[in-house]
Amino acid sequence: MWPEIEKAKSENRHEIVLSGKEISERIAKDDAIGNLSNLQTLVLHSNKLDQINENVSRLEKLKTLDLSLNSIKIIPDSFSGLLQLVTLNINANKLETFPTFTKNTKLSFLDLSNNNLKSFPDVCSEELGNLAELKLHGNEIEEIPSNISSLPALKLLDVSSNKIKEIPGELSDCHKLKEVNLKANPISDRRLLKLIDQCRTKQILDYVKQHCPKTTISPQTASGKKGKKGKSKQGDEVEVEDEENRDYKYMISVKHPDDNFKVMVMNTVKSIREHFIGCIVNNVTFTEECFKKFIQLQNKIHDGICEKRNMATIATHDFNKFSDPNHYFLIKPLNRAVELTGADLFSKLQTEANNLRKEKKRNTYSGIHKYLYLIEGKAQYPCLLNEKKEVISFPPITNSDISKIEVGTKKIFIEVTSSVSQFVCKNVLDTLLKEMCILFEKDLEVQQVKTTDHEEHLKTVYPSKTDLIFEKTVPIKVVRE
């Protein structure tokens, strides 16, 4: 028996967290984990798993299962027998299919985001009366099933960044639905598409109720001139957002990129932390209090939509401390108090973490040490360098003193990196810029930044025309050059 499992069983523990480069192979081959009859929480994220041991399905009391950030392609059908399961997270894997989950009556949270699913999972059943959150963004799903309304407790549905063209009218029959995200889909109804980009869930569902048929047949898109109101087949008028008449408190001005400044993503980073976007915020004015709140804001986002840096990491730099183009790729040297390789820095931080844990007699790590597992076992590490080959950040762990922001900083270069998707990066940076507007209580001037591949072919420009699209409740107007 594994020592971790033997200890958990002897202590009659209901939770076990396993991570590290050796865990993947052990879990894939060993069946000892199936003997933990009282286990209620199993966290196996970030372990390079390409398959999951079917013996996990023997854990009859399991309530929480986290398999996120692996490379799993298939979930065994037997997992549908985990009838006590409340939370299932398989975000950021390589699933193309998902087994039928219609008898898991206690399931409340299901996250299948950032996979390769081509069809909606088979979860639309009245028996799933507790399913409240269903996250499916970043897949290749083409259709929302008409029986979506059979989920009586559904409060959140995220199917953004898929291939959905039509919305079934039955979606409006999900009476408890408070948040629906349909963005970044090729919706054929242009009026609905505009509502999705600009309005709240209630307005979207009202439109769906009046304009989208409750059949599997694709509705014809409405045509005609743009206006404030449209008519349904019943003759009812429906409000459509008139952007010019909205009340705004703040403004974000988007400026063209400086062709002399770009970020180059090298091929060697693709297998570790491929996704990168950035922008420059000009004319920043900090006070001591505002600066402190800005740092707190980054921490809040890291703990929130960044999911403890598992999904993405933010780094901010004083732009005036480096003015050369940046290259984002794998490299060893990293400047700290003394020059260290990436491996030496990781080893030093790990030693510090263990010493602090023993000193404070705790079982958990704190500060930046709690993120070390995200790069544990990597043969190389991702770093951001300036043209002088000086390391200015070491995502997802820390920044360098070379470009750190201070109260006197006037121009900020913001980078967001992710091992999951470009969509995740954009969502995080959209949120940060929105919150910065509200925090500073002033307009922002944001300069676009280009990202290229190693041959200098353009990969992305942020913010583009499809970025910084806020809901009606957000009092921010975006003006683009």
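The values are calculated or read from the model by the stated rules, or taken from the named source; none is laboratory data. In this text, all values refer to a predicted model and were calculated from it rather than measured experimentally. Please note: Cβ atoms are built from the backbone with ideal geometry, for glycine as well, and neighbour counts cover all protein chains shown.
Figure legend. Inter-residue proximity from the stretch 67-92: first residues among the charged types (D, E, K, R), second residues in a loop (DSSP other than H, G, I, E, B), beta-carbon distance below 8 Å, spacing 6+ or different chains. Indicated pairs: Lys73/Asp50; Lys73/Gln51; Lys73/Asn93; Lys73/Lys94; Lys73/Leu95; Lys73/Glu96; Asp77/Pro99; Asp77/Thr100. Take the conditions (1) at pLDDT 90 or above; (2) crowded, with 19+ Cβ neighbours inside 10 Å; Leu195 misses just one of them, which is (1). Among residues of the stretch 155-180 being in contact with a Lys or Arg (Cβ under 6 Å, 6 or more places away or on another chain) and under 18 Å from Asn130 (Cα atoms), the one that is surrounded by the most Cβ atoms within 10 Å (Cβ to Cβ) is Asp158. Applying the condition of being among the hydrophobic types (A, V, I, L, M, F, W, C) and assigned to a loop (DSSP other than H, G, I, E, B) to the stretch 310-331 and asking which residue is modelled with the lowest pLDDT yields Ile331. Taken as a whole, the structure places Ser78 among residues that are assigned by TED's automatic domain parsing to the domain that holds Lys183 and in contact with a helix residue (DSSP H, G or I) (Cβ under 7 Å, 6 or more places away or on another chain). For the residues Lys410, Lys459, Lys442, the requirement of being within 28 Å of Glu140 (Cα to Cα) and surrounded by fewer than 20 Cβ atoms within 10 Å (Cβ to Cβ) singles out Lys459.
Scanning the stretch 164-196 for residues that are touching an Asp or Glu at 6+ places or on another chain (Cβ under 9 Å), outside any loop (DSSP other than H, G, I, E, B) and not aliphatic (A, V, I, L, M) yields Ser172, Glu179, Asn181, Lys194. Looking at Val43, Val17, Val56, just one residue is modelled with pLDDT of 80 or more, in the same structural domain as Asp77 (by TED's automatic domain parsing), within 25 Å of Lys106 (Cα to Cα) and touching a strand residue (DSSP E or B) at 6+ places or on another chain (Cβ under 6 Å), and that residue is Val43. Tally the residues that are at pLDDT 85 or above and either in the same structural domain as Gln198 (by TED's automatic domain parsing) or not β-branched (Val, Ile, Thr) (or both), restricting the search to the stretch 436-457. Final tally of qualifying residues: 12. Contact map, the stretch 274-302: first residue farther than 26 Å from Ser421 by Cβ, second residue part of a helix (DSSP H, G or I) and among the hydrophobic types (A, V, I, L, M, F, W, C), Cβ cut-off under 6 Å, separation 6 or more or different chains; pairs are Lys293/Leu439. Kindly establish whether Thr100 is in contact with a helix residue (DSSP H, G or I) (Cβ under 7 Å, 6 or more places away or on another chain) and either in the same structural domain as Leu42 (by TED's automatic domain parsing) or under 20 Å from Leu44 (Cβ atoms) (or both). Yes.
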